[in-house]
Amino acid sequence: MLAFIARRLFQSVIVMLAVAFIAFMVFRYVGDPVSSMLGQDSTLADHAALRERLGLNEPFYIQFFSFVGNALQGQFGISYRLQQPVSQLIMERLPATIELAFASASIALVLGVVLGIYTALRPRAFSTGVIMTASLIGVSLPTFLIGIGLIYVFAVELKVLPSFGRGEVVDLGWWRTGFLTESGLRSIILPAITLSLFQLTLIMRLVRAEMLEVLRTDYIRFAKARGLSQRAINFGHALKNTMVPVITITGLQLGSVIAFAIITETVFQWPGVGSLFVNSVAVVDVPVMAAYLVFVALVFVVINLIVDILYFIVDPRLRDGAKSGR
Amino acid sequence: MHTSLTRIAAVLIASTMLAGVAQAETVRWARSSDSLTLDPHSQNQGVTHTFAHHIYETLMWRDTEGTLIPRLATEWYVKEGDPTVWVFKLREGVKFHDGADFTAEDVVFSLDRARSEGSNLKQLHAEVAEVRAVDDYTVEVQMVGPSPLYPNNVTNTFIMDKTWSETNNVEEVQDFAAGESNYAVLNTNGTGPYMLTSREVDVRSVLSVFDGWWGEAPEVTEIVYLPIADNATRIAALLSGDVDIVQDVPVQDIERLQNSPGFKVETGPENRVIYFGYRFGDEPLRSSNITDSNPFDNPLVREAMELALDRDAIQQVVMRGNSIPTGVATPPFVNGWTEELDQYPAPDVERAKELLAEAGYPDGFSVTLDTPNNRYVNDEAISTAYVGMLGQIGIDVTLASRPIAEHSPIILGDETDFYLLGWGVPTFDSAYIFNDLVHTKNETHGTYNVGGYSNPELDEKIISLGTETDLDARNATIAEIWEVVKADRVLLPVHNQTLAYAMREDITLPVHPENQPNMTTVVFAE
C-alpha cells in the first residue's frame, strides 16, 4: 500500500511539471501583458523597459525554470493586475470555490444516487421517464444559460434569492465561510444548483446503468432465491457493487468542478478562484494563470489519489489481490 | 392630560430633530470591473481612477461638461515673466482622513512620486523639470520649456500625504516587476469626500463619507462598490433591487431599461472616438492580393473607403442609436474640434467604385481587418458591418477578431495593415491625438501611429504645439493640422461612443464624459 502511494506521488509530480510546461508554452500566445499593464499613455521605450524587467525577453526555458524554482519555494510572484502576491490571492479565494464545489457535489451526489436507484428499480414507471427526460435538459443547456435563467426567475421576478455574490461571510481563522450566515446560505443556492445539474445527470445515469446491470447478475438471483428481502438485496448487495465506477466519476467531476466552475462563478459573481482566473486571462496576468493551472493539476492529482485509495477500501477484491501479490 | 401633552410635545420635538438630521443614504454602485489598486500613481486606468476620485483628490478636475474646475488648487497661472513655470495656489483648511493638514509639501511629494520610474502617470509629467513649494499654499512647477497645456495633465494625478507615505513606506510606487506589494495597494489616506471602510478586491469595497471634507456634504453617505463581470447578471442585479446604479450598461439593454418602470437610463457623449486606421507607404500590404503596390497609399482609395462607410447605418443598426457619428478623429469636447471638421460625406457606393477604378484597382483588392472584440462597445459588430460595406465596392476584407490583450501587441508591433481602434483624450486637447496618432513614429511620439503616416511638415507643427504659449496662434496651428489630417484621411473616424448609466428612478447620477462619475454628484429625488 505504501509503495503504491509513493509511486503515485512520484507520478503526480511528473504530471504537474508537464502541466506547467504546457501552460507556459501556451501563454506566449495569449497576448501581451505589458500593454495591458501600461495603458494608453506609455511610450514604446516604456514597454521595452518593462518587458526587460519582467524577464519576458528571456528564452522560454529560462523563464520556465525560474518559475519552477520559485514555485518549489512557494513563491508564485505578484499578480500583474492586482499587484498582490499570487499565493495570497489564490488562498483568499479558495474557500469560496471549495464551498461552492462541495455544495454542488453534495446535491449532485445525493440526488444523483437517489434518483439513479429509483429509476433503476422502477424502469418502466412514468415518473422514471419524466426524470430521465428532464435530466437530458439539464445536460443540454449550457451552464451560463441555466444560471441566468435561475437569476431571472428567482431574483428578478420572484425576488426571493440574491442575484449575485456570496452574501455575508464569517472568518473562521484563515477560512472565510458563507455557511454560517443567512445571506450566505441563500446566496449559495442558485450557483450550487446550476453547477450541480450536469454532475447530477451524469451520476444518476451512471448509478442507474450500473444498478440495472448488477441486478441482472447471478449472485443477485441467488440472493433472491435464498429469500433475502428486496431491501437487503438492493441496498446491501447491488448498490455497494455499483459504487466503484460512481466513485471514479464523482472524483473526476469534483476535480473539474473545483477547477472549472469558471462560468458559474462569472455568472453569479462568485468570488472564487475561477473568476480570478477569468479576470486574469483577459489581461494576460501570467503569474496568476500559471499558478492557477499548477494548482488545478494538484487538485486533480490529489483527488485521483484519494479515489484510488477509496477503491482499496470499498472493493475487497482489490485488497485481497494486493495481499496475495497477484 | 398632563402626560399626553408631554407625550405630544416629545413626539413633535423628536420629529423636528429627525428632519434636521441628514438622512444616511447608501448607494450600491455596480461596474463591470474593479479598481486595480488603491495606490494612486501605480495605474493610469479609467476604472481605477474613477474609484480613486472618491478617496483622493487632484489639483483640478473636470465637471460633467468637460470643463476644468478647481479642486485642491484654487488658482493656476503661468508665472509672471517666466513662461516655463506654472504656479498653483492651493486650497486652505483641507484635511487628510487621518487629520493631517494638506500643504504644498504634499503636492510636491505627490507630483514627484507621479513622475517616478514606477508610476504609470509619468508620461503625463514628462515636461516637468522640478516641483517646488514656495510657501505652505503655493507650488511652482518648473517645466522644461513653455508648456501651455500642463494643467490638462494633472486631472488624474492624486495628492497623497507625505508624512503618511513616509510612515508606511510607500514613498516609492509599487514595483510589481520586482515582485513587491506595498501598503498603499490596500490602504488609503486622502483628502477626498469618502474614506475607505473595507476592501475586498473583485468582490466589494465600501466607502463612508468623511465628515471633515472641505466641500459641501454629499447626499450619498455610503458607497458600496460592486464589480459584476457578467453583463446579464449586472442588469439582473439592478432589476432585482440588489444594486442601485449600474455604470456599464450593455447597449442592447438600454431600451429595455428605459421602458422598465422604476428605473431610468442617463445617457451622454463619451470622450472616446472609434476609428479605422490603415498602412501608409509604398510597400505592398502583407495581407493583400496586390503585390506590387499599397492600395491604401493612394488617396483615391482612401476616399473610396470613406464613401463606402455608412456611419448612420452603423449608428442605427449596430449601435441602436447609441453613438454620435463623426467625420473627424476627435470627440467634441476636445480643443480643436469644430462643426465643419465633424461633417462627413454621405455614403456613395457608385462613386466609390469609380474612384477605385481610377486608382487602378477596377477589380478591387483583398486585405485583412484586425479588430478587437472585447474592448469598445460592439467593436466586432462595427467591423463586421464595415466589411460588408467594403464588399459592396469590391474590396474583399477578411476579418480577424481578437481580445484586446492580443490586439494591442499587433497594433504596437506594427503587424497590421488595417485595424479598428478607439482613442480617448484625457487632456481634452488635440495635441494628445497628434502626438500619438499622427506624428511620425519614433522613440517618444507616434506610439499608436500604426499606419506609418509620416509628414515632416506636420511633425514640426505638432512639436510646436507643446511649447507655443500664444493660445490663438496655437489654435490656428491645430486647425491647420486637422485640415491636413482630414484631407489626407490619415484616419477614418466612425463615431464617438455614448455612455449610458442605469439607475433606480429616484436617483440621478449625471453622465461624465470621461466615464468617471463621482458619487458627490448624485441627487436623490424628493
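The values are calculated or read from the model by the stated rules, or taken from the named source; none is laboratory data. Quick caveat, the model's predicted, so the values are computed rather than measured. Reconstructed Cβ throughout: ideal geometry from the backbone, glycine too, with neighbour counts over all protein chains shown.
Assorted remarks:
- One residue stands out among those in segment A:253-301 that are assigned to a loop (DSSP other than H, G, I, E, B) and not aromatic (Phe, Trp, Tyr): the one that is nearest to the chain's Cα centre (by Cα), which is A:ALA261.
- Filter pass, B:THR440 being within 25 Å of B:ASN294 (Cβ to Cβ), surrounded by fewer than 16 Cβ atoms within 10 Å (Cβ to Cβ) and touching a helix residue (DSSP H, G or I) at 6+ places or on another chain (Cβ under 8 Å): yes
- Selected residue (only one of A:GLY55, A:GLY129, A:GLY147, A:GLY138 is within 14 Å of chain B (Cβ to nearest Cβ) and either within 30 Å of B:ALA236 (Cβ to Cβ) or in a helix (DSSP H, G or I) (or both)): A:GLY147
- Residue, nearest to the other protein chains (Cβ to nearest Cβ), within segment B:410-421, restricted to residues that are at negative phi and surrounded by fewer than 20 Cβ atoms within 10 Å (Cβ to Cβ): B:LEU412
- Filtered by the rule that a residue be touching a strand residue (DSSP E or B) at 6+ places or on another chain (Cβ under 7 Å) and of a type in the set (Gly, Ala, Ser), segment B:226-244 gives a lone residue, B:ALA237.
- When B:THR440, B:THR371, B:THR416, B:THR427 are screened for being outside any helix (DSSP H, G or I), under 30 Å from B:ASP63 (Cα atoms) and of a type outside the set (Lys, Arg), only B:THR427 passes.
- Within segment B:117-145, being within 14 Å of chain A (Cβ to nearest Cβ) and either farther than 20 Å from B:THR427 by Cα or assigned to a helix (DSSP H, G or I) (or both) holds for B:GLU117, B:GLY118, B:LYS122, B:GLN123, B:LEU124, B:HIS125.
- So B:PRO456, is it buried (at least 19 other Cβ atoms within 10 Å of the Cβ), within 20 Å of B:SER430 (Cβ to Cβ) and at pLDDT 90 or above: no
- Residue within segment B:237-245 that is more than 14 Å from chain A (Cβ to nearest Cβ) and crowded, with 19+ Cβ neighbours inside 10 Å present: yes
- Filter result for B:ASN169 (of a type outside the set (A, V, I, L, M, F, W, C) and in contact (Cβ under 8 Å) with a residue 60 or more places away in the chain): no
- Verdict on B:ALA236 being out of contact with any Gly (no Cβ under 7 Å at 6 or more places or on another chain), of a type in the set (A, V, I, L, M, F, W, C) and in contact (Cβ under 8 Å) with a residue 40 or more places away in the chain: no
- Residue within segment A:6-22 that is among the small types (Gly, Ala, Ser), in contact with a Leu (Cβ under 6 Å, 6 or more places away or on another chain) and farther than 30 Å from B:TRP423 by Cβ present: no
- Residue within segment B:51-74 that is over 21 Å from the mean Cα position of the chain (by Cα), surrounded by fewer than 13 Cβ atoms within 10 Å (Cβ to Cβ) and not hydroxyl-bearing (Ser, Thr, Tyr) present: no
- If only residues of segment B:465-478 that are surrounded by 14 or more Cβ atoms within 10 Å (Cβ to Cβ) and of a type in the set (A, V, I, L, M, F, W, C) are counted, the one that is farthest from the other protein chains (Cβ to nearest Cβ) is B:ILE478.
- Residue match in segment A:1-22 (condition: at pLDDT below 80, within 28 Å of A:ILE306 (Cα to Cα), more than 7 Å from chain B (Cβ to nearest Cβ) and not in a helix (DSSP H, G or I)): yes
Conditions tested, residue by residue: (1) out of contact with any Lys or Arg (no Cβ under 8 Å at 6 or more places or on another chain); (2) among the small types (Gly, Ala, Ser); (3) within 14 Å of chain A (Cβ to nearest Cβ); (4) touching a residue at least 40 places away in the same chain (Cβ under 8 Å).
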| residue | (1), (2), (3), (4) |
| --- | --- |
| B:GLY190 | yes, yes, no, yes |
| B:LEU196 | yes, no, no, yes |
| B:GLU200 | yes, no, yes, no |
| B:ARG204 | yes, no, yes, no |
| B:ASP211 | yes, no, no, no |
| B:GLU222 | yes, no, no, yes |
| B:ILE228 | no, no, yes, yes |
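- Look at segment A:162-176: where a residue is under 8 Å from A:SER187 (Cβ atoms) and more than 12 Å from chain B (Cβ to nearest Cβ), no partner that is surrounded by 22 or more Cβ atoms within 10 Å (Cβ to Cβ) and charged (D, E, K, R) sits 6+ places away or on another chain with Cβ atoms under 8 Å.
- Verdict on B:SER116 being of a type in the set (Ser, Thr, Tyr), surrounded by 20 or more Cβ atoms within 10 Å (Cβ to Cβ) and under 22 Å from B:VAL173 (Cα atoms): no
- The residues on offer are B:ILE462, B:ILE433, and the sole one that is more than 12 Å from chain A (Cβ to nearest Cβ) and surrounded by 19 or more Cβ atoms within 10 Å (Cβ to Cβ) is B:ILE462.
- Residue check, A:ARG186 part of a helix (DSSP H, G or I), surrounded by 13 or more Cβ atoms within 10 Å (Cβ to Cβ) and out of contact with any helix residue (DSSP H, G or I) (no Cβ under 8 Å at 6 or more places or on another chain): yes
- Qualifying residue in segment B:443-451 (condition: in contact (Cβ under 8 Å) with a residue 60 or more places away in the chain, within 14 Å of chain A (Cβ to nearest Cβ), under 23 Å from A:SER42 (Cβ atoms) and surrounded by 18 or more Cβ atoms within 10 Å (Cβ to Cβ)): yes
- Members of segment A:204-231 that are surrounded by 18 or more Cβ atoms within 10 Å (Cβ to Cβ) and not hydrophobic (A, V, I, L, M, F, W, C): A:ARG205, A:ARG208, A:GLU210
- The conditions of being of a type in the set (S, T, N, Q), within 25 Å of the chain's Cα centre (by Cα), over 24 Å from B:ALA487 (Cα atoms) and at the interface with chain A (Cβ under 10 Å from one of its Cβ atoms) are met by B:ASN374.
- Selected residue [more than 24 Å from the chain's Cα centre (by Cα), farther than 22 Å from B:ASN335 by Cβ and in contact (Cβ under 8 Å) with a residue 60 or more places away in the chain] from B:THR508, B:THR416, B:THR469: B:THR416
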